[in-house]
Amino acid sequence: MKMLVHITLALSVVGTVLCRPNYRDGIPNGYSVPNMCGTSAFWDPVGHMNPFHHTKSQNPFGAAYSASGRSWLAICNEDSDRDGKTNGEELGDPNCVWRPGQTPDGNAIGHPGICEPVGSQICSLQNFRCDCLEHC
Ligand SMILES: [Ca+2]
């Protein structure tokens, strides 16, 4: 019986984690955010610091998205990662006209939560390096 409880709990945790990609349905090009570190084509956990894990470390875009109640329109014109490009510009919706289910005007050209170019002077406030994928 105890084993069954453990298996049930494990499956519910897995199910919760697998549901997170739905968050990406709420942002334009949510499934094609480029991975500037080159370790994969896309950065799947868009709101997190690590491109492979939904770690507890949210990036500034993930924090803003959560704080907004997952409202794209509320954060489209913000520059969450302070790299000089708005979240809308980075995700292919520079005019903030995209709505869930629509095709965005353009492709994602950057990551809205990871300051790019990584390691540049403008990104010195965000202590991120591709070789450690978390705050170093
Ligand atoms: Ca930006």
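Observations on the model:
- Residues satisfying the stated conditions in region 123-136, i.e. surrounded by 13 or more Cβ atoms within 10 Å (Cβ to Cβ) and within 15 Å of the ligand (Cβ to nearest atom): CYS123, GLN126, PHE128
- Looking across region 93-116, just one residue is open to solvent by 60 Å² or more (accessible area, probe 1.4 Å), within 22 Å of CYS130 (Cβ to Cβ) and not aliphatic (A, V, I, L, M), and that is ASN107.
- Scanning region 64-90 for residues that are within 15 Å of the ligand (Cβ to nearest atom) and under 16 Å from ARG24 (Cβ atoms) returns ALA64, TYR65, TRP72, ILE75, CYS76, SER80, ASN87, GLY88, GLU90.
- Looking across region 68-81, the residues that are of a type in the set (A, V, I, L, M, F, W, C) and surrounded by fewer than 19 Cβ atoms within 10 Å (Cβ to Cβ) come down to LEU73, ALA74.
- Test: ASP44 is surrounded by 13 or more Cβ atoms within 10 Å (Cβ to Cβ) and within 14 Å of the ligand (Cβ to nearest atom): no
- Flag for ASP93 being touching a Pro at 6+ places or on another chain (Cβ under 9 Å), assigned to a loop (DSSP other than H, G, I, E, B) and within 11 Å of the ligand (Cβ to nearest atom): no
- HIS54 being within 17 Å of GLY30 (Cα to Cα), part of a loop (DSSP other than H, G, I, E, B) and within 12 Å of the ligand (Cβ to nearest atom): no
- Test: residue in region 82-92 that is of a type in the set (Val, Ile, Thr), surrounded by 14 or more Cβ atoms within 10 Å (Cβ to Cβ) and out of contact with any strand residue (DSSP E or B) (no Cβ under 6 Å at 6 or more places or on another chain): yes
- Reported count of residues in region 50-67, each being of a type in the set (Gly, Ala, Ser) and open to solvent by less than 50 Å² (accessible area, probe 1.4 Å), is 4.
- Lone unmet requirement of (1) open to solvent by 60 Å² or more (accessible area, probe 1.4 Å); (2) modelled with pLDDT under 85 for GLY15: (1)
- Filter result for CYS37 (hydrophobic (A, V, I, L, M, F, W, C), part of a loop (DSSP other than H, G, I, E, B) and within 14 Å of the ligand (Cβ to nearest atom)): no
- The C-beta contact set for region 67-92 (first residue in contact (Cβ under 8 Å) with a residue 24 or more places away in the chain and acidic (Asp, Glu), second residue open to solvent by 40 Å² or more (accessible area, probe 1.4 Å) and not in a loop (DSSP other than H, G, I, E, B), distance under 8 angstrom, 6+ apart or interchain) comprises ASP81/PRO60; ASP83/ILE122.
The values are calculated or read from the model by the stated rules, or taken from the named source; none is laboratory data. None of the values given here were measured: they were computed from a predicted structure. Virtual Cβ from ideal backbone geometry, glycine too; neighbours counted across all protein chains shown. In case anyone asks, the SASA skips ligands and DNA or RNA and just uses the protein heavy atoms, side chains included. Shrake-Rupley method; radii C 1.70, N 1.55, O 1.52, S 1.80 Å.
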